[in-house]
Amino acid sequence: GWVQRSRKMGGMTFIDLRDRYGITQLVFNEEINAPLCEQANKLGREFVIQIRGTVNERFSKNANIPTGDVEIIVSELHILNVAATPPFTIEDNTDGGDDIRMKYRYLDLRRNAVRANLELRHKMTIEVRSYLDKLGFLEVETPVLIGSTPEGARDFVVPSRMNPGQFYALPQSPQIFKQLLMVSGFDRYFQ
């Protein structure tokens, strides 16, 4: 997982480890394994680590997260990838503005709110597909990239706000392909 944050209290280090499923607290105890605790103290935000340890019930439970009743007492730590300090915090209330978050979209996708939106979209798509399938519709994928024709409509271009002087071309309607489906006898389809 990714290191979300770390806290030092006395001779102990606590790491919040984040993955797709949530956050789990890791515990490093200086009295039990000083070199391992020292290694944990050098971890930065967004380092990718692999650990091995024992799952214990937490003394102070955190009802705000699904794994708030347990913690892992770490016995082995492997750093899989070091990371530069991210340009914004990977948290629900991030300090990054829209421009920075879009520039580093791969980091923004790690945030809970963005992940929840993707999961909701996924579930809605499954439900719509299931509903249309029960009604006898066929799902098709018409080509997105087609050659420009002189008879066709002009390409609709939109200027980029992020990259002045550059443009995006919006895809044209796949009307001809859908008409081919209708002529072929496919009266119920969706894309």
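Listed values, structure above:
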read-out	value
Of the criteria (1) in contact (Cβ under 8 Å) with a residue 40 or more places away in the chain; (2) of a type in the set (D, E, K, R); (3) outside the structural domain of residue 20 (by TED's automatic domain parsing), which one residue 71 fails	(3)
Close pairs (6 angstrom Cβ cut-off, 6 or more residues apart or separate chains): under 23 Å from residue 176 (Cα atoms) in the stretch 127-142, assigned to a helix (DSSP H, G or I) anywhere	142/177
Condition check for residue 119: at pLDDT 90 or above, acidic (Asp, Glu) and assigned to a strand (DSSP E or B)	no
Residue that is farthest from residue 108 (Cα to Cα) [pool: residues in the stretch 33-42 that are without any contact (Cβ under 8 Å) to a residue 12 or more places away in the chain and surrounded by 12 or more Cβ atoms within 10 Å (Cβ to Cβ)]	34
Tally of residues being charged (D, E, K, R), surrounded by 10 or more Cβ atoms within 10 Å (Cβ to Cβ) and not in a loop (DSSP other than H, G, I, E, B) across the stretch 43-92	3
Among the residues listed as 129, 161, the single one being among the basic types (Lys, Arg), at pLDDT 80 or above and not in a loop (DSSP other than H, G, I, E, B)	129
Given (1) in a helix (DSSP H, G or I); (2) farther than 18 Å from residue 18 by Cα; (3) not polar (S, T, N, Q), number of the condition residue 106 does not satisfy	(2)
The stretch 3-24: number of residues that are surrounded by 18 or more Cβ atoms within 10 Å (Cβ to Cβ), under 22 Å from residue 108 (Cα atoms) and not charged (D, E, K, R)	7
The stretch 28-51, subset modelled with pLDDT of 95 or more and β-branched (Val, Ile, Thr), residue nearest to residue 81 (Cα to Cα)	48
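The values are calculated or read from the model by the stated rules, or taken from the named source; none is laboratory data. Predicted model, so just to flag it, every value in this text is computed and none were measured. So basically every Cβ, Gly included, is an ideal-geometry build from the backbone, and we count neighbours across all protein chains shown.
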